[in-house]
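Following: one structure in structure tokens, then a few remarks.
The values are calculated or read from the model by the stated rules, or taken from the named source; none is laboratory data. Owing to the predicted nature of the structure, the values given are computational and were not obtained by experimental measurement. Here the Cβ is made from the backbone with ideal geometry for all residues, glycine too, and neighbour counts use every protein chain on show.
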Amino acid sequence: MNRNLPVTVEALPEGYRLFEFQTLDSTQSEMKRRMAANALQAGDIILAAEQTSGMGRQGRHWHSPLGNLYFSLALQPDERHYRFTDYGFVTALALHHLVRDVVSPAAEVTIKWPNDVLVEQQKIAGILLERLVSAEKSWLIIGVGLNIRHSPQEGLRYPATHIAAHNKENNGYNTINYLNSLMNIFNTYMTQYHIEGFPVIANAWNKVALALGTSISVRTYDSTEHTGAYAGVDESGNLLLKTDDGKALVINAGDVMLP
């Protein structure tokens, strides 16, 4: 049964309101409905046990069965001082931190630009950023999907995995535990970002991203494909690529694929 009142969770950091649902079309869509009804506050979190029409980047479907973590977070960053895209890097760092803490120490955990978290080069978490405007207010909605018990195995553009496949002991760790832990980690990185700026986040992100020199291909939104060696991200969050023909490219939007 859906809960329409804020749910107080002791371990959730101050400044957030949690709304839990058993089933939603998508947590992003619920955020938009609340915004349209003027019922949205900065710090609101919509959590769904399952989604029937989960949303990924570029309109892709996000496989959303029971047992994984699906939520959206509403923020109102001051656009005079903060870029909305920076929050994707902050969120990816928090997810990487959480996943690194709960999977086997032997598992390789990395981030793939712009904001996918990988375990053994398989996608375990993704982030969707949406900028919305209502009544002269700008909202940033951060959608997060983390595979805990399940991961899709068919019809994928990129191989996927889940936490239970890499840590059998934590199969009973419920989604509220994961959400609470993630939001506390997120707050730590957000504080660092607000005090020290994005270059510090970019530096931390580069340390846990794909290894420099990794062979990748990048498809930009005009369907152009570039191949070459990964060279990190710059202080604006752009992907740096050394192409096979020796060019140095700076790419601000696209999809990265590994061989």
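Here's a check for you: in the range 130-147, which residue that is among the aliphatic types (A, V, I, L, M) and either buried (at least 22 other Cβ atoms within 10 Å of the Cβ) or assigned to a strand (DSSP E or B) (or both) is nearest to the chain's Cα centre (by Cα)?
By that ranking, first place goes to 144.
If you scan the range 91-129, which residues turn out to be in a strand (DSSP E or B) and farther than 23 Å from residue 241 by Cβ?
Scanning the range 91-129 gives 119, 124, 125, 128.
Considering only residues that are surrounded by fewer than 22 Cβ atoms within 10 Å (Cβ to Cβ) and at pLDDT below 90, look in the range 63-76 and name the one that is nearest to residue 235 (Cα to Cα).
The qualifying residue nearest to residue 235 (Cα to Cα) is 63.
Which one of 195, 251 is β-branched (Val, Ile, Thr) and in the same structural domain as residue 75 (by TED's automatic domain parsing)?
So the residue among 195, 251 that is β-branched (Val, Ile, Thr) and in the same structural domain as residue 75 (by TED's automatic domain parsing) is 195.
Scan 176, 124 and give me the residue that is in contact (Cβ under 8 Å) with a residue 60 or more places away in the chain and either crowded, with 16+ Cβ neighbours inside 10 Å or over 20 Å from residue 189 (Cα atoms) (or both).
None of the other options fit; the residue is 176.
Provide a single number: the residues in the range 79-108 that are buried (at least 16 other Cβ atoms within 10 Å of the Cβ) and closer than 16 Å to residue 131 by Cβ.
9
Kindly establish whether residue 54 is surrounded by 21 or more Cβ atoms within 10 Å (Cβ to Cβ) and at pLDDT below 95.
So residue 54 passes the test.
Output the residue which, of all residues in the range 215-235 that are at pLDDT below 90 and not in a strand (DSSP E or B), is surrounded by the most Cβ atoms within 10 Å (Cβ to Cβ).
By that ranking, first place goes to 220.
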